[in-house]
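To start, the structure under review is shown below, and the notes come after it.
The values are calculated or read from the model by the stated rules, or taken from the named source; none is laboratory data. Just so we're clear, the structure is a prediction, and the values are computed from it rather than from any experiment. A quick note on method: Cβ atoms are made from the backbone with ideal geometry, for glycine too, and the neighbour counts reach across all protein chains shown. Surface areas here come from the heavy atoms of the whole protein model, side chains and all, with no ligands, DNA or RNA. Shrake-Rupley method; radii C 1.70, N 1.55, O 1.52, S 1.80 Å.
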Amino acid sequence: MAEAVATAMESGQHLLVQAGTGTGKSLAYLVPSLLHQDRVVVATATLALQHQLVERDLPRLVEALAADPAAGAVDTSYAVLKGRSNYACLHRIREGVPDDQGTLEVELPTGSLGKKVLELRDWAEEQAEQGGSGERDNAPRHTDREWRQVSVNHRECLGAAKCPFGQECFAERAKEKAHRSHLIVTNHSLLAIDAIEGVPMIPDYDVVVIDEAHELTARVTQAATDELWAAEVERAARRSQRHVEGDQADDLADAADALREAINEARPGRFDTIPQDLGDALLLVRDAARACVSAYPKTTEDADAAMQQAKGAVQEVFATAERMAADLDSDVLWLSEGTERMPPRLCVAPLQVWGPMRDKLLTDKTVVFTSATLKLGGDFRTVATSLGLKPEDEEMPWLGLDVGSPFDYGRQGILYVARHLPPPGRDGLGPAVLDEIVELVDASEGRTLGLFSSRRAAEAAAETVRERLPHLTTLAQGDAQLPELAAQFVSDPHTCLFGTLSLWQGLDVPGDTCQLVLIDRIPFPRPDDPLLSARQQAADRAGGNGFMQVAATHAALLLAQGAGRLIRTGTDRGVVAVLDPRLATARYGGFLKASLPPMWTTTDPAVVRQALTRLAAT
């Protein structure tokens, strides 16, 4: 893999590398990245991998190079770069947070929120004194709401030149370090904003290595998704009151009322055409926000921070309302379901991202994509197409390489498909499926990670196992924070952990803790998923097979990630049990199975129970 990555960097040919868990793929791209003559960016999807690269892999490499006299000329400088809101803002901490009228208020919120914000402020000041990074990942445990009291986004930021604390600014210091470094570690979202949206966030670079590349299209989509709701418009209007002369702030507040009324009248879900009232309300918000921004005084060197941040909020409203009102074919617009804590909100996302990735990233840079899951249905074409590369691409040549796995999946794992069960329906887990779950969990004496398509299914399974196997510990996602649940799962082998999507991809539990991975059904997207259903329809209209290109691809990726939770080391053994007979009976089952690790396969429940019983005994 290291040789292939080095060749790609020198030749400019794009590379897709599938490298399973345990191959050491981070070292295989970090070594050629350090040896490459120009700056290289490494982008990851998760904080855990970013942390591994910066805290473990890169320091070990730098240490090894320092001990090698022949490596003296290698530039081993590296830096971490994240979006501005990932760093504490000293201006907000020292000068205050805007209240609803846009006045900076230094007083703390009341109660537990105030206590936590005070802790975060003290931590940030310590970081400033000690030359720390001020990064959110290193902060004391906190919620999103608490972190917003000590950070700003890029629109609220005064900018280094105007901010009295610009010299100490954590985000600015991170940027300066990145400019001095040969290798920059960042995340998919920041890469998307820099390369695809054209907002300069990363210093010039020649090559980008995208690890966890199976996540890239989702993260790029997320970075290009905007939301709008009435309370946000209302707050922007209130914050403008003291800075804007005339009626522009009042007009924006009136537009917020019109938007609230239109949202209340609309049905949640995707809009193929925008309802008249909602379209009119969006135009009102757009025009009122534009007029309000124009009414702000021109900023000077002594810019009022409260005014800058209030104006930034209105600019955000204007940009989002303008995009939504344009009703572009390239965008998908929908109204989310409201919850007790969150009002319904309008969302807009790109219909596809492969075009912008091809035009704005792949055309300008050499890209190495790597992941344990890049071959779906047995080859690279499906994922390559989603990333903007064509199967036979003369204009933009690329190479797919599977470097294999150090694991012997045929000996270490069994794929069990419960062919005898009824196909899953809309009414949740039926009695036959619950019986099957209990029998499998009983045979493995716990040691079970249950991956379910919904929170309701996970809770129903957990409740049944608790009732019928009370001697085991059964945990369900939501019982505690995920790190606490994972720690408990690892510490006691006679434990089951049942949950949903975040467990499918984010959990690493090697050893005897996990000998059975249960998957209740093939994880197709919900039929009412606004974005994926729009993408499926668009593929059908273009003459393709929308089901295979969107739904089956989505399911194959998640299935492969879920099955990958089982074998994490060369000594792990166990069973992946898929309780959905369609994997064995449907025409698309072959495509899905070809996306999974090559485990020994059976549909015989007795064989599987015996295997689990033997494993538990040893």
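Principal axis analysis of the Cα atoms in the range 235-310 yields extents of 47, 21, 16 Å, listed in decreasing size. Could you state the orientation-averaged shadow area of the convex hull built on the Cα atoms of the range 449-515, in nm² to one decimal? Over every viewing direction, the Cα hull of the range 449-515 projects on average to 4.1 nm². The C-alpha atoms of the chain define a longest principal axis, and helix 455-468 lies at about 40 degrees to it.
Give me the distance between the Cα centres of the range 527-596 and the range 318-381, rounded to whole Å. Here the two parts' Cα centres lie 20 Å apart. Among ASN86, GLY96, HIS188, whose Cα projects farthest towards the positive end of the dipole of the range 53-205, with charges put on the beta-carbon of Lys, Arg (+1) and Asp, Glu (-1)? Positive-end residue among those listed: HIS188.
Averaged over its residues, the chain has an accessible area of 46 Å² per residue, based on protein heavy atoms and a 1.4 Å probe. Farthest towards the positive end of the charge dipole of the range 470-575, among the residues SER533, LEU566, THR513, is the Cα of SER533, using unit charges on the Cβ of Lys, Arg, Asp and Glu. Would you be so kind as to identify which of VAL62, CYS163, VAL17 lies farthest towards the positive end of the dipole of the chain, taking Lys and Arg as +1 and Asp and Glu as -1 on Cβ and the Cα centre as origin? The Cα lying farthest towards the positive end belongs to VAL17.
Working note: Cα atoms of the range 38-100, range along each principal axis, descending, whole Å: 60, 23, 22.
Kirkwood analysis of the Cα pair distances in the range 213-261 returns a hydrodynamic radius of 12.7 Å. Please compute the Kirkwood hydrodynamic radius of the range 270-394 from all pairs of different C-alpha atoms, in Å with one decimal. Computed over the range 270-394, the radius equals 18.4 Å.
In this structure SER491 has an accessible area near 90 Å², from a 1.4 Å probe over the protein heavy atoms.
Filter the cross-link list LYS82/LYS375; LYS177/LYS375; LYS365/LYS593 down to pairs whose alpha-carbon distance in this structure exceeds 32 Å. Those over the limit are LYS177/LYS375; LYS365/LYS593. The value given for the range 1-84 is a Kirkwood hydrodynamic radius of 13.9 Å, derived from the mean inverse Cα-Cα separation.
Among the trypsin sites (Lys or Arg not before Pro) within the range 292-350, those in coil by DSSP and having at most 16 neighbouring Cβ atoms inside 10 Å are LYS298, ARG341. Of the accessible area of the chain, computed with a 1.4 Å probe over protein heavy atoms only, carbon and sulfur atoms account for 48 percent. Based on alpha carbons, the Rg and Dmax found for the range 505-546 are 16.9, 49 Å. Each principal axis of the Cα cloud of the range 67-206 was evaluated for its coordinate range; sorted largest first, these ranges are 59, 35, 27 Å. Seen against the Cα atoms of the chain and their longest principal axis, helix 553-563 is set at about 60 degrees.
For the range 152-307, the convex hull drawn through the C-alpha positions has a volume of 153 cubic angstrom per residue.
Each 20 Å bin from 0 upward holds the following percent of the Cα-Cα pairs of the chain: 17, 47, 33, 3. Calculated [222 nm] ellipticity per residue, helices only, for the chain: -13000 deg cm²/dmol; basis is -39500 (n - 2.57) per DSSP H run with n ≥ 4, divided by all residues, nearest 500. Heavy atoms of the protein only, probe of 1.4 Å, neighbouring chains included. What is the accessible area of ARG609 in Å², nearest 10? Here the accessible area works out near 80 Å². A compact globular protein would have a Cα radius of gyration near 2.2 N^0.38 Å; the ratio found for the range 479-618 is 1.18. In a simple Cβ point-charge model (Lys, Arg +1; Asp, Glu -1; nothing else charged), the range 214-367 has a dipole of about 560 debye relative to its Cα centre.
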